[in-house]
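*Asks:* The structure is given below, and queries will be raised subsequently.
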Amino acid sequence: MRSLSFVLAALLLAGFAVGQEPATPPPPPAAPTPQAASSAPPPIELKPDASGTVPQEQIRELLRRVAEKDIENAKGLRDYTYIQRGEEHKLDGHGNVKKVESRTSEILEIYGEQVVRLIAKDDKPLSEKEAKKEEEKIQKIIDKRKNESEDDRRKRQEKEEKDREKGRQFVKEVADAYNFRLLDSEVLDGHDTWVLEGEPRPGYEPKLREAKFLPKLKGRLWIDKAETQWVKLDVTTLDTISFGLFLARIHKGTHIVVETTRVNEEVWLPKHVAVHIDLRLALLKNFNVDIDLAFRDYKKFRAESKITVLGETQ
């Protein structure tokens with residue numbers, strides 16, 4: 001099981017930061033037709049008005065397109081296997097590193113479901129016992145999906161569609177929850193980007209329960225002008241954010257930086273996440289950690305690919 005701080009970082013990132021859909025993957029997206037590609041709207045130009053500022057509606061239209069693109073990227077991610085390495089720096093009361101741990105996992109695609117297989121701890125391969133446990137976990141998932149009834153499959157797909165729609169509604173709220181201003185243009189990793197700064201819109205009431213923490217965040221966003229795609233996100237919490245039944249709280253000042261990269265000239269996927277978390281759990285224990293997540297070795301998943309499990313010959 002992942003550590004608490006990794007889980008909470010994922011929770012926060014699953015909302016505002018990456019706008020990804022829930023863990024249950026949708027069916028692979030259909031390839032766009034030439035007609036659809038030719039009818040794509042032209043890139044948005046942010047143009048200052050007579051006062052010298054870019055109107056909010058221009059910026060919100062840009063962000064709505066970015067949100068739509070992000071939903072497509074979330075779908076595209078399900079077509080890839082990749083390696084994820086997470087490094088956690090546990091800090092003492094003075095901010096000094098007292099312990100460093102890392103976990104490296106392979107993200108697999110099995111019967112349309114993304115599955116995490118742990119492959120290393122602290123950059124060392126798993127023991128034989130640990131590796132066997134991971135393979136047995138994979139085999140259970142294969143057996144479950146292989147023997148799934150039509151009724152269970154239908155229910156699962158209906159739930160996936162419901163979750164997807166909830167994700168669409170969430171990313172739409174992001175464009176409405178903030179007042180944005182254009183800071184500058186900047187070349188980032190070879191991409192010509194707009195740099196936007198967002199502050200919570202006074203009096204805004206989130207429509208979704210999952211969006212209730214949006215007024216407690218502020219940040220900057222780098223958007224590729226040609227691709228209408230966010231390249232980098234830098235977010236800071238303005239107030240305490242509480243999670244779940246265990247009264248976990250992420251304190252004011254938590255800092256998150258997320259970067260994406262273009263893969264196979266078709267999709268933008270996570271590249272790097274850096275998070276500092278000052279957290280208190282159920283009024284009992286403080287966690288003060290720096291977390292670094294790196295994503296690499298993206299490989300397009302193919303239906304004919306075969307997952308080798310324990311006891312089989314590769």
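The values are calculated or read from the model by the stated rules, or taken from the named source; none is laboratory data. None of these values were measured; they are calculated from a predicted model. Cβ sites come from the backbone with ideal geometry, for glycine too, and all protein chains shown count toward neighbours.
*Asks:* Just checking, which of Glu173, Glu161, Glu165, Glu109 is closer than 18 Å to Gln84 by Cα, under 19 Å from the mean Cα position of the chain (by Cα) and of a type outside the set (Val, Ile, Thr)?
*Replies:* Exactly one residue qualifies, and that residue is Glu109.
*Asks:* Continuing with this model, one more query. Find all pairs meeting these conditions: Cβ atoms under 8 angstrom apart; at least six residues apart or on different chains; first residue within segment 125-143 and within 16 Å of Ile107 (Cβ to Cβ); second residue hydrophobic (A, V, I, L, M, F, W, C) and assigned to a helix (DSSP H, G or I).
*Replies:* none
*Asks:* Does Leu188 satisfy the criteria of being surrounded by 13 or more Cβ atoms within 10 Å (Cβ to Cβ), modelled with pLDDT of 90 or more and touching a Phe, Trp or Tyr at 6+ places or on another chain (Cβ under 7 Å)?
*Replies:* When the stated conditions are applied, Leu188 passes them.
*Asks:* Answer yes or no as to whether Gly112 is surrounded by fewer than 15 Cβ atoms within 10 Å (Cβ to Cβ), on the phi > 0 side of the Ramachandran plot and at pLDDT below 85.
*Replies:* No, not satisfied.
*Asks:* Out of the strands (runs of 3 or more DSSP E) lying entirely within segment 230-314, which hold 1 or more residues that are closer than 30 Å to Tyr111 by Cβ and at pLDDT below 65?
*Replies:* It comes to none.
*Asks:* Go through the residues of segment 118-131 one by one and say whether even a single one is more than 14 Å from Phe287 (Cα to Cα), assigned to a helix (DSSP H, G or I) and in contact with a strand residue (DSSP E or B) (Cβ under 8 Å, 6 or more places away or on another chain). Talk me through it step by step, then tell me what you get.
*Replies:* To start, the set of residues in segment 118-131 that are more than 14 Å from Phe287 (Cα to Cα) comprises 118-131.
Retained after the next criterion (residues that are assigned to a helix (DSSP H, G or I)): 128-131.
Retained after the next criterion (residues that are in contact with a strand residue (DSSP E or B) (Cβ under 8 Å, 6 or more places away or on another chain)): 130-131.
Yes, segment 118-131 contains at least one residue that is more than 14 Å from Phe287 (Cα to Cα), assigned to a helix (DSSP H, G or I) and in contact with a strand residue (DSSP E or B) (Cβ under 8 Å, 6 or more places away or on another chain).
*Asks:* Given the conditions (1) under 21 Å from Gly86 (Cβ atoms); (2) not aromatic (Phe, Trp, Tyr); (3) not in a helix (DSSP H, G or I), which single one is not true for Glu134?
*Replies:* Result: Glu134 fails condition (3) only.
*Asks:* Let me ask something else about it. Can we say Gly167 is modelled with pLDDT under 90, within 22 Å of Thr261 (Cα to Cα) and touching an Asp or Glu at 6+ places or on another chain (Cβ under 9 Å)?
*Replies:* Criteria met by Gly167.
*Asks:* Just for segment 122-153: of the residues that are touching a helix residue (DSSP H, G or I) at 6+ places or on another chain (Cβ under 8 Å) and surrounded by 12 or more Cβ atoms within 10 Å (Cβ to Cβ), which one is modelled with the lowest pLDDT?
*Replies:* Glu148
*Asks:* Sticking with this structure for a sec: In the list Glu68, Glu87, Glu72, which residue meets the criterion of being outside any helix (DSSP H, G or I) and of a type in the set (Asp, Glu)?
*Replies:* After applying the criteria, what remains is Glu87.
*Asks:* Would you point out which residue out of Lys162, Lys212 is without any contact (Cβ under 8 Å) to a residue 40 or more places away in the chain and surrounded by 14 or more Cβ atoms within 10 Å (Cβ to Cβ)?
*Replies:* Lys212
*Asks:* Suppose we filter Glu199, Glu186, Glu205 for residues that are closer than 24 Å to Gly167 by Cα, without any contact (Cβ under 8 Å) to a residue 40 or more places away in the chain and not in a loop (DSSP other than H, G, I, E, B); which single one remains?
*Replies:* The conditions single out Glu199.
*Asks:* I need every pair where a residue in segment 99-117 that is more than 13 Å from Glu134 (Cα to Cα) has its Cβ under 8 Å from the Cβ of a residue that is of a type in the set (Phe, Trp, Tyr) and modelled with pLDDT under 95, sequence separation at least 6 or different chains.
*Replies:* Between residues of segment 99-117 that are more than 13 Å from Glu134 (Cα to Cα) and residues that are of a type in the set (Phe, Trp, Tyr) and modelled with pLDDT under 95, the close pairs are Arg103/Phe6; Glu109/Tyr80; Glu109/Phe301.
*Asks:* Name the residue, out of Glu227, Glu210, that is outside any strand (DSSP E or B) and either in contact with a Ser or Thr (Cβ under 7 Å, 6 or more places away or on another chain) or modelled with pLDDT of 90 or more (or both). Spell out the reasoning first.
*Replies:* Numbers: Glu210 fails: either in contact with a Ser or Thr (Cβ under 7 Å, 6 or more places away or on another chain) or modelled with pLDDT of 90 or more (or both).
Glu227 is the lone residue from the list that is outside any strand (DSSP E or B) and either in contact with a Ser or Thr (Cβ under 7 Å, 6 or more places away or on another chain) or modelled with pLDDT of 90 or more (or both).
*Asks:* Is it fair to say Glu197 is among the charged types (D, E, K, R), closer than 20 Å to Asn73 by Cα and surrounded by 15 or more Cβ atoms within 10 Å (Cβ to Cβ)?
*Replies:* no
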